[in-house]
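Asker: Starting off with a structure, shown below.
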Amino acid sequence: MTILYFAWVRERIGLAEEAPRLPDGVTSVAELIAWLAARGGGYAEAFAEPERLRAAVDQNFVGLDASVIGAREVAIFPPVTGG
Amino acid sequence: MTILYFAWVRERIGLAEEAPRLPDGVTSVAELIAWLAARGGGYAEAFAEPERLRAAVDQNFVGLDASVIGAREVAIFPPVTGG
Amino acid sequence: MIRIHVSPQPIDLLGETTKVEGGNVGAVASFCGLVRADDGVDVLELEHYPGATEAALERIARTATQRWSLQAATIVHRVGPMRPGERIVLVITAAPHRRDALDACAYLIDRLKTDAPFWKRETRGLEARWVEARASDTEAASRWRADDAK
Amino acid sequence: MIRIHVSPQPIDLLGETTKVEGGNVGAVASFCGLVRADDGVDVLELEHYPGATEAALERIARTATQRWSLQAATIVHRVGPMRPGERIVLVITAAPHRRDALDACAYLIDRLKTDAPFWKRETRGLEARWVEARASDTEAASRWRADDAK
């Protein structure tokens with residue numbers, strides 16, 4: 001699974017994407033975020049306030065309770081501010 | 001007083017403007033129209049249905065009951081269709 | 001900044017738009033009406049009331065700048081004969097924020113349709129006819145008056 | 001005809017507009033957002049989610065063509081660094097009649113603000129900060145959803 005980061009999530013983590021091996025317990029976006037936050041450092045900083053995060057699974061916008069099982073691409077980012 | 005005609009009013013009358021001498025009884029736009037219509041020909045044709053006419057007195061849009069006393073310019077025309 | 005321009009020249013969309021884009025403008029909304037090519041019209045001719053037309057457009061634009069927070073309001077209207085696909089009218093609004101620009105743009109074109117002395121004549125082949133006023137235009141314009149009365 | 005274009009190139013307003021003016025189009029509405037020059041911003045940088053951004057814009061445009069009678073819907077969004085006064089986004093709608101073009105144009109920009117993955121970063125002097133999402137944008141977009149539910 002590829003994980004993509006955008007905007008200040010990307011900046012705090014210092015990575016635009018990565019493809020970590022996930023433990024079995026990680027089945028939802030929220031669990032993925034908690035697992036990544038536990039790495040500390042920039043991850044802890046980026047994911048300190050999950051309510052400020054949005055996500056997409058295989059390029060579909062989803063709530064943080066959405067499943068990541070079988071997903072090929074998960075993106076985590078702040079609320080959008082385009083236009 | 002100058003009288004201006006636009007669109008099909010102008011076409012039916014065959015004139016874009018004229019400055020006739022008005023009789024004393026003509027004090028409103030409606031009376032002006034009735035007096036002009038009585039000339040017959042293109043005037044009668046142009047003014048056959050007063051409800052299809054609009055007017056401006058000194059370049060201000062007015063109802064047909066508006067006064068023309070002291071006016072320098074009266075325009076008679078169909079409802080507008082610009083844009 | 002209000003700009004009113006009534007002329008037989010083709011409408012310069014890019015030039016008119018760049019005129020309003022300077023300063024601290026954040027939002028530009030525009031509406032352009034074109035001669036429709038689909039109903040057999042060969043030539044559309046626009047007649048106006050010189051002087052009174054410009055004054056009416058100026059009044060409409062001025063009312064918009066009082067009602068919304070605008071940095072610019074432009075109304076450009078072509079007159080004389082034109083062909084299908086050509087631009088008849090262009091209204092542009094510029095504002096710090098989009099809602100003002102969008103609402104004022106709709107207002108300008110709705111009011112222009114009923115409050116400015118222009119008359120359209122369509123020619124199809126050898127037959128010419130004056131376009132009739134549409135009830136839907138009066139309705140669209142009165143929508144804004146109802147708002148005014150609130 | 002839907003056109004979606006996301007690119008670091010300056011937005012070609014005239015080119016994009018003339019693309020939609022052909023055929024039997026009678027009404028063209030557009031909205032353009034620009035980098036505001038008034039609040040000390042030196043550089044505005046737009047980040048996006050390649051692939052997902054284009055797909056989101058396509059969905060928004062497609063929904064508009066289902067909801068209004070449109071002949072064209074164009075969304076052009078610039079990404080990367082830009083300067084005050086430069087165009088960030090341009091939406092254009094073309095229709096036989098003005099109400100469809102105007103309403104669909106407002107819809108496209110309102111929905112784009114909340115439903116397409118773009119992120120703005122402003123730089124003032126040496127300080128850069130990510131722009132926060134605005135509640136008023138969510139409100140503006142939800143206005144259309146309330147309409148959908150009717």
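Since every read-out is calculated from the coordinates, none of them should be taken as a lab result. Keep in mind that what you see is a predicted model, and the values were worked out from it rather than measured. No Cβ is skipped: glycine too gets one built from the backbone with ideal geometry, and neighbour counts run over all protein chains shown.
Asker: Just to be sure I understand: with springs between alpha-carbon atoms less than 10 Å apart, which residue in D:Asp12, D:Asp103, D:Asp39 has the highest mean-square fluctuation in the Gaussian network model of chain D?
Answerer: D:Asp39
Asker: Now for a separate question. When C:Leu44, B:Leu22 are ordered from fewest to most other Cβ atoms inside 10 Å of their Cβ, what list results?
Answerer: The most exposed by this proxy come first: B:Leu22, C:Leu44.
Asker: Within the P(r) computed for chain A, what percentage of the Cα pairs occupies the region above 23 Å?
Answerer: 10 percent
Asker: So what's the back-of-envelope 222 nm ellipticity for chain C, counting only DSSP H runs of four-plus at -39500 (n - 2.57) apiece and dividing by all residues, rounded to 500?
Answerer: -12500 deg cm²/dmol
Asker: Non-local amide H neighbours of A:Glu73 (under 5 Å, H modeled in plane, Pro and chain starts lacking H): which ones?
Answerer: For A:Glu73, the qualifying residues are A:Thr2, A:Asp58.
Asker: Mind listing the phi-derived Karplus ³J(HN,Hα) values for the range C:125-130, rounded to whole Hz, using 6.51, -1.76 and 1.60 with θ = phi - 60°, and x for any glycine or proline?
Answerer: x, 9, 9, 10, 9, 7
Asker: Suppose R0 equals 45 Å; then what is the FRET efficiency for D:Glu58 and C:Asp42 from their Cβ-Cβ distance, rounded to the nearest 0.05?
Answerer: So, using R0 = 45 Å, E works out to roughly 0.75.
Asker: A further question on this structure: Please build a GNM for chain C, connecting alpha carbons under 10 Å apart, and tell me which residue among C:Ala95, C:Ala104, C:Ala55 fluctuates the most.
Answerer: Highest fluctuation among the options: C:Ala55.
Asker: Work out from phi, with θ = phi - 60° and the Karplus expression 6.51 cos²θ - 1.76 cosθ + 1.60, the ³J(HN,Hα) of each residue of the range D:105-117, listed in order in whole Hz, and give x for Gly and Pro.
Answerer: With coefficients 6.51, -1.76 and 1.60, one gets 5, 4, 4, 4, 6, 5, 6, 4, 4, 10, 10, 10, x Hz.
Asker: Quick check on the exposure proxy: order A:Ser28, D:Ser142 from fewest to most C-beta atoms within 10 angstrom.
Answerer: Lowest to highest Cβ neighbour count: D:Ser142, A:Ser28.
Asker: If you don't mind, another one. Going by C-beta contacts inside 10 Å, put D:Met82, C:Met1 in order with the fewest on the left. Provide the component values of the computation, followed by the final result.
Answerer: Values: D:Met82 20, C:Met1 14.
So the ranking, lowest neighbour count to highest, is C:Met1, D:Met82.
Asker: Also: For the range A:1-60, run through the trypsin sites (Lys or Arg not before Pro) and keep only the ones in DSSP coil with at most 13 other Cβ atoms within 10 Å of their Cβ.
Answerer: A:Arg21, A:Arg39
Asker: Considering Cα pairs under 8 angstrom that are at least six residues apart, work out the relative contact order of chain B and quote it in whole percent.
Answerer: Reported as a whole number, the value is 38 percent.
Asker: Taking H as built 1.01 Å from N, whose amide H comes closer than 5 Å to the amide H of B:Ser28, not counting residues under 5 places away?
Answerer: B:Val68
Asker: Out of all DSSP beta bridges in chain A, what portion is antiparallel? Express it as a percent rounded to 5.
Answerer: 70 percent
Asker: Mind listing the long-range amide H neighbours of C:Val79? Cut-off is under 5 Å, sequence gap 5 or more, other chains count too, H placed in the peptide plane at 1.01 Å from N.
Answerer: Close amide H contacts, sequence-distant or interchain: C:Ser7, C:Gln9.
Asker: I need the phi-derived Karplus couplings for the range C:57-71: 6.51 cos²θ - 1.76 cosθ + 1.60, θ = phi - 60°, integer Hz, Gly and Pro marked x.
Answerer: Using θ = phi - 60°, the values come out as 5, 4, 4, 4, 5, 5, 4, 5, 6, 7, 8, 10, 7, 10, 9 Hz.
Asker: Quick one: if the Förster radius is 56 Å, what FRET efficiency do C:Gln9 and A:Arg52 give, using the C-beta to C-beta distance and rounding to 0.05?
Answerer: So the FRET efficiency works out to roughly 0.55.
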